[in-house]
Amino acid sequence: MDITFPSDILVGTISGKKNNSNKYEKGKLQLIKKEGTSLIQLAMYTKTQVFHSNYAIDELFKVLKDLLENDFNNLELTTNEFIYSYRVTSKGRLLTNRRKNTNSQVLNVNIGHNKKKNYLLPEGEVIEPLVDLGVMMPDGRIVKASYDKYKQINRFLEIIEDSIKDEKELKIIDFGCGKSYLTFILYYYLVKIKRMKCEIIGLDLKEQVIEDCNKLAVKYGYTGLKFLCGDIAKYKDAKADMIITLHACDTATDYALYHAINMKCRYIFSVPCCQHEINKELGSDKLHLVTKFGILKERMSAIMTDAIRANLLQYSGYKTQIMEFVDIENSPKNLLIRATYTGNSNTKALAEVEELLAEYNIKQTMYELLINGNKD
């Protein structure tokens, strides 16, 4: 098969799996820079994993030719000027097409704007986690389709920056860290931009996720960042200055906040998720007008849950806010609890929580942990 490929590839996709013997489902290509050298990173996806390889352009041509001949029917390569398409028909014939790239893959924010917003993560500066996340191109430009995500990441950092101000050293625990892209970006901002002395620990139940995150930390050279496999509910309290919990599901958020309170952690940033606990119990006749509709009952339960958490933080000596937060994954769960320890307990807040629990005859995990003690 005689094939010619462009030498100025920016991104690309591989699809149309030929047969079931090929373990890979699809592939993606992206231009990267490593130690000053331009390479193409090829990401090949199975149903559960992704495998990365970096190639010089001549080496890549041989790989792409082999993939089209043996494993896939479709290949698309994008350059600044053109989009090249390759398709192998059922009879093995190769069809090619080249069209003008009228919708640029990247957004140059200096064009068409009189004012340029000064983001905490500066545009034009290559940030490896953002490149791997697909938000940034290898030359530091922002991918047009991911510009909203870029702004949301900066918004999260702005909320943290507004709280920590002149801190010089922080120990941070990220409960339920998941794939941790935001943890990597937070570390980059605190250590590389703010020049802080920082240690971050990510905790999650998934062993493979933890293994992958630790490999990335080594790849980026983030020596103060490590990931541990463990259950938030069974975590043994240690001193931390900041607790982050983003989308820790249901009562996992309650355990994370409970640990933060026990540590007298100075800063808490929590985006709750999946508040099922009260939803299962809520059935008061007084609220039948609302609870007979499932979606309204779910939202009512989420509001009550986060109101209880915020008030219990106030009781525990925290200045507490609930803020609207457009999160990184564009989830409808867009409220963030921000709390800063002052030591000034609000006993009225506890009384109001107890009145609510009694009125609707419900239990709530964070209250049980704080008032009745951790039974684990």
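The values are calculated or read from the model by the stated rules, or taken from the named source; none is laboratory data. These numbers come from a predicted model, not from an experiment. Backbone-built Cβ (ideal geometry, glycine too); neighbour counts: all protein chains shown. Please note that ligands, DNA and RNA were not included when accessible areas were found on the heavy atoms of the full protein model with its side chains. Shrake-Rupley method; radii C 1.70, N 1.55, O 1.52, S 1.80 Å.
In the set Met1, Met44, only one residue is part of a loop (DSSP other than H, G, I, E, B) and of a type in the set (A, V, I, L, M); that residue is Met1.
Total residues in the range 253-270 satisfying the condition of being out of contact with any Ser or Thr (no Cβ under 7 Å at 6 or more places or on another chain) and either of a type in the set (Phe, Trp, Tyr) or not in a loop (DSSP other than H, G, I, E, B) (or both): the figure is 8.
Residues in the range 7-33 that are touching a Pro at 6+ places or on another chain (Cβ under 9 Å) and either open to solvent by 60 Å² or more (accessible area, probe 1.4 Å) or free of Cβ contacts under 8 Å to residues at least 40 places away in the same chain (or both): 1 in all. Residue pairs whose Cβ atoms lie under 6 Å apart, sitting 6 or more positions apart in sequence or on different chains, and linking a residue in the range 180-206 that is without any contact (Cβ under 8 Å) to a residue 24 or more places away in the chain to a partner that is surrounded by 16 or more Cβ atoms within 10 Å (Cβ to Cβ) and not in a helix (DSSP H, G or I), are Leu190/Met196; Leu190/Cys198. Applying the set (1) open to solvent by 50 Å² or more (accessible area, probe 1.4 Å); (2) assigned to a helix (DSSP H, G or I) to Glu277 leaves exactly one unmet item: (1). The residues on offer are Thr79, Thr37, Thr96, Thr48, and the sole one that is under 25 Å from Met137 (Cβ atoms) and open to solvent by 30 Å² or more (accessible area, probe 1.4 Å) is Thr37. Within the range 28-82, being over 25 Å from Val135 (Cβ atoms) and among the aromatic types (Phe, Trp, Tyr) holds for Phe61, Phe72. With respect to Ile9, is the statement that it is closer than 23 Å to Gly140 by Cα, out of contact with any Phe, Trp or Tyr (no Cβ under 7 Å at 6 or more places or on another chain) and modelled with pLDDT of 90 or more true? Answer is yes for this residue.
Quick grid of which residues meet (1) farther than 19 Å from Asn73 by Cβ; (2) modelled with pLDDT of 85 or more; (3) of a type in the set (Lys, Arg); (4) touching an Asp or Glu at 6+ places or on another chain (Cβ under 9 Å):
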| site | (1), (2), (3), (4) |
| --- | --- |
| Ile14 | no, yes, no, yes |
| Lys17 | no, yes, yes, yes |
| Leu29 | no, yes, no, no |
| Glu35 | yes, no, no, no |
| Ala43 | no, yes, no, no |
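Arg338 meets each of the listed conditions (1) of a type in the set (D, E, K, R); (2) modelled with pLDDT under 90; (3) within 20 Å of Ile268 (Cα to Cα) apart from (2).
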